[in-house]
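Heads up, the thing below is written out as structure tokens.
The values are calculated or read from the model by the stated rules, or taken from the named source; none is laboratory data. Predicted model, so just to flag it, every value in this text is computed and none were measured. Cβ: placed from backbone, ideal geometry, glycine included. Neighbour counts: every protein chain shown.
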Amino acid sequence: MSGRIPREFINELLVRVDIVDLIDSYVPLKKTGSNFTARCPFHSEKTPSFSVSPKKQFFHCFGCGASGNAIGFLMDFNHLNFVEALESLAGFAGLEIPREADSGSGSIKTDTGHLVIALQKAAAIYSLQLRSTEEGKKAVVYLKNRRISSQIAQDYQLGYAPQQSKSLLANLNQDDLLAAGILGRNDNGETYPRFRNRVMFPIRDKRGRTIGFGGRVLDDSLPKYLNSPETPLFHKGREVYGLYELLEENPKPERIIVTEGYMDVIALAQFGIRYAVATLGTAATPAHFELLFRFTAELVLCFDGDNAGRQAVWRAIDAAMPSLRDGRQLRVLLLPQGQDPDSLVRSHGSSHFNTLITQAQPLSDYFFQQQQEGLNLTELEARAQLLNNCKPYLEKLPEGVYKTMMLTRLKELAKSDALENLAKPGKLSMPALKSFGKNRQSHSPLRMVLALLIQNPELLTLVEDKATAWEDLNFRGVDVFTNVIDTIKAIKPANAAALLEHFRDSEHEKIIKNLAAMELLMPEDGISQEFSILWTNSSGRPNNLP
């Protein structure tokens with residue numbers, strides 16, 4: 001893919017930057033033995049359980065479980081996405097990020113700076129039209145009728161696109177306007193302004209850059225709302241409206257309300273409720289929830305109570321399930337029929353609305369209440385149906401206490417222990433690893449080999465000539481085992497941090513992190529010998545492995 005950051009540069013960056021120096025610039029570290037410790041920056045604690053290993057170039061909290069390399073730390077601590085964290089880390093190291101050259105003809109330029117400039121200029125033009133032109137007055141009247149103050153309009157940079165917008169944009173680069181979705185092109189090859197006679201809502205990313213627009217008509221004509229198309233900058237499935245403004249008001253909100261419309265966010269802000277965002281004309285996606293959970297531990301789905309709203313809630317719940325790790329909470333507030341957040345806050349006020357939000361149903365209550373609806377659970381068939389209905393949702397939950405409790409609740413309702421293990425087959429979960437060996441308090445040879453390899457990738461060179469044809473073996477977890485070995489052979493990582501980076505967002509990321517954090521309790525000068533012995537024990541007697 002053109003314009004991607006080369007893997008070699010990422011590996012070089014992880015070698016160049018000492019994670020101890022990086023984290024110490026954010027959280028003061030104290031040397032404790034061979035590692036460095038501090039109170040964890042990701043949860044409240046009185047005694048330090050946050051450890052940074054200079055050898056592994058890896059951090060791990062034994063309290064909350066947070067762990068990762070330098071890139072992961074920046075993502076978690078500064079609420080950055082992957083590319084933003086790379087940019088920050090490169091800046092820390094004093095390096096410029098290279099990009100892979102375009103390989104095909106006619107590909108879209110990967111430098112999006114020119115699109116940002118075009119969008120910012122267009123936003124300024126639309127804002128000026130709202131505030132300073134005769135035609136813009138009708139948009140001002142519309143906003144005043146919706147009781148939107150000039151201060152809120154300014155905070156959210158609202159604007160107006162007149163019916164004849166093309167001449168206003170004539171002095172801007174037309175190719176950039178097309179690529180940014182401000183202009184469209186008809187079947188005759190002629191360009192036209194995509195937004196006309198609409199109130200304009202600039203969509204800003206969390207860095208404050210305008211990346212797209214939403215436009216609303218001033219009457220009842222259709223479509224009522226029009227969004228920017230997908231562009232190199234703007235992806236509806238990964239962005240929400242109002243997040244930048246929310247974080248400007250409060251970088252660490254107690255909770256975030258997820259609504260369906262621009263005007264919901266604006267109306268709530270007008271009434272002092274500045275912790276709402278809206279999806280951009282699309283259903284909520286897993287990427288939306290991962291984005292929002294970076295900034296708060298509690299999300300509230302606040303949708304209309306009609307059939308469409310209820311369906312939207314279930315789509316959102318399905319999308320949220322993979323993000324509901326322990327410590328995160330999702331609540332549901334379905335508004336009365338005929339009401340949306342905009343109308344409700346105007347008719348009942350902010351105090352009433354805030355009370356409804358704090359009383360929103362926990363996901364667990366809403367989920368099982370809705371799934372039981374219409375089922376007579378005194379009948380075996382109904383209980384079987386309940387199991388079948390719930391399993392597709394619950395199997396998406398990450399492993400942890402919350403998933404265990406949700407499954408326990410389902411068993412109680414269904415009066416059945418017929419729930420099979422919902423972990424995907426072939427994955428090497430921590431319980432499976434702990435079950436290796438007869439003594440569960442000790443580590444099996446396979447578990448130790450994996451941990452040693454992940455923490456010391458260079459060890460593989462000691463035994464490559466003794467390699468076993470692992471693909472011929474058949475034991476639970478062989479896919480993880482072979483993946484680690486093949487990856488080390490292929491990329492030859494300089495340290496554990498570089499190896500971990502290769503597994504980012506993969507199905508094995510969690511187990512790799514757990515093994516990287518495992519305390520091996522052996523002297524440095526004995527690691528090589530111990531690894532060789534363990535490798536022989538593991539590879540020489542595969543039939544003895546569980």
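Okay, residues lined up against (1) in a loop (DSSP other than H, G, I, E, B); (2) of a type in the set (D, E, K, R); (3) not assigned by TED's automatic domain parsing to the domain that holds residue 346:
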{"residue": "257", "(1), (2), (3)": "no, no, no"}
{"residue": "264", "(1), (2), (3)": "no, yes, no"}
{"residue": "268", "(1), (2), (3)": "no, no, no"}
{"residue": "277", "(1), (2), (3)": "no, no, no"}
{"residue": "280", "(1), (2), (3)": "yes, no, no"}
{"residue": "283", "(1), (2), (3)": "yes, no, no"}
{"residue": "299", "(1), (2), (3)": "no, no, no"}
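Suppose we keep only residues that are among the polar types (S, T, N, Q) and part of a strand (DSSP E or B) within the stretch 53-70. Which one would you say is nearest to residue 36 (Cα to Cα)? Even if it seems obvious, please write down each step before you answer.
Kept after step one, since they are among the polar types (S, T, N, Q), are these residues of the stretch 53-70: 53, 57, 67, 69.
Now drop any that are not part of a strand (DSSP E or B), which leaves 53, 67.
Numbers: 53: 7, 67: 14 Å.
For the stretch 53-70, the residue satisfying everything is 53.
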| message | Looking only at the stretch 345-383, count every residue that is part of a helix (DSSP H, G or I) and of a type in the set (Asp, Glu) and tell me the total. | response | 2
| message | Going through 337, 361 one at a time, which residue ends up being in contact (Cβ under 8 Å) with a residue 24 or more places away in the chain, within 30 Å of residue 146 (Cβ to Cβ) and surrounded by fewer than 15 Cβ atoms within 10 Å (Cβ to Cβ)? | response | 337
| note | Just one listed residue, out of 269, 278, is surrounded by 22 or more Cβ atoms within 10 Å (Cβ to Cβ) and free of Cβ contacts under 8 Å to residues at least 60 places away in the same chain, and it is 278
| Regarding residue 323, is this residue hydroxyl-bearing (Ser, Thr, Tyr), within 15 Å of the chain's Cα centre (by Cα) and under 21 Å from residue 406 (Cβ atoms)? | yes
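Looking at this structure, is residue 331 outside any loop (DSSP other than H, G, I, E, B), within 30 Å of residue 66 (Cα to Cα), in contact with a strand residue (DSSP E or B) (Cβ under 6 Å, 6 or more places away or on another chain) and not aliphatic (A, V, I, L, M)? Write out each step before concluding.
Values: outside any loop (DSSP other than H, G, I, E, B): yes; within 30 Å of residue 66 (Cα to Cα): yes; in contact with a strand residue (DSSP E or B) (Cβ under 6 Å, 6 or more places away or on another chain): yes; not aliphatic (A, V, I, L, M): yes.
Spelling it out, residue 331 is indeed outside any loop (DSSP other than H, G, I, E, B), within 30 Å of residue 66 (Cα to Cα), in contact with a strand residue (DSSP E or B) (Cβ under 6 Å, 6 or more places away or on another chain) and not aliphatic (A, V, I, L, M).
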| Answer from 48, 28 - the residue that is surrounded by 15 or more Cβ atoms within 10 Å (Cβ to Cβ) and either out of contact with any helix residue (DSSP H, G or I) (no Cβ under 9 Å at 6 or more places or on another chain) or aliphatic (A, V, I, L, M) (or both) | 48
| query | Is it the case that residue 137 is under 17 Å from residue 262 (Cα atoms) and free of Cβ contacts under 8 Å to residues at least 24 places away in the same chain? | reply | no
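Residues of the stretch 13-35 being aliphatic (A, V, I, L, M) and within 26 Å of residue 493 (Cα to Cα), which ones? Let's see the steps before the verdict.
Step one: filter the stretch 13-35 for residues aliphatic (A, V, I, L, M), giving 13-15, 17, 19-20, 22-23, 27, 29.
Of everything in the stretch 13-35, those that are aliphatic (A, V, I, L, M) and within 26 Å of residue 493 (Cα to Cα) turn out to be 13, 14, 15, 17, 19, 20, 22, 23.
Any idea which residue in the stretch 207-222 is nearest to the chain's Cα centre (by Cα), counting only those that are within 25 Å of residue 176 (Cβ to Cβ) and part of a loop (DSSP other than H, G, I, E, B)?
Going residue by residue through the stretch 207-222, those that are within 25 Å of residue 176 (Cβ to Cβ) are 207-216.
Now drop any that are not part of a loop (DSSP other than H, G, I, E, B), which leaves 207-209.
Details: 207: 16, 208: 19, 209: 19 Å.
Taking the candidates together, the pick is 207.
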| remark: Among 150, 165, the single one that is closer than 22 Å to residue 243 by Cα and more than 32 Å from the chain's Cα centre (by Cα) is 150
| Checking residue 34 against (1) among the small types (Gly, Ala, Ser); (2) surrounded by 21 or more Cβ atoms within 10 Å (Cβ to Cβ); (3) over 18 Å from residue 325 (Cβ atoms), which test does it fail? | (2)
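Out of curiosity, is residue 85 at pLDDT 85 or above, touching a helix residue (DSSP H, G or I) at 6+ places or on another chain (Cβ under 9 Å) and buried (at least 17 other Cβ atoms within 10 Å of the Cβ)?
On the way: at pLDDT 85 or above: yes; touching a helix residue (DSSP H, G or I) at 6+ places or on another chain (Cβ under 9 Å): yes; buried (at least 17 other Cβ atoms within 10 Å of the Cβ): yes.
For residue 85, the condition - at pLDDT 85 or above, touching a helix residue (DSSP H, G or I) at 6+ places or on another chain (Cβ under 9 Å) and buried (at least 17 other Cβ atoms within 10 Å of the Cβ) - is met.
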| Considering residues of the stretch 187-244 that are of a type in the set (Gly, Ala, Ser) and touching a residue at least 60 places away in the same chain (Cβ under 8 Å) only, the residue nearest to residue 129 (Cα to Cα) | 214
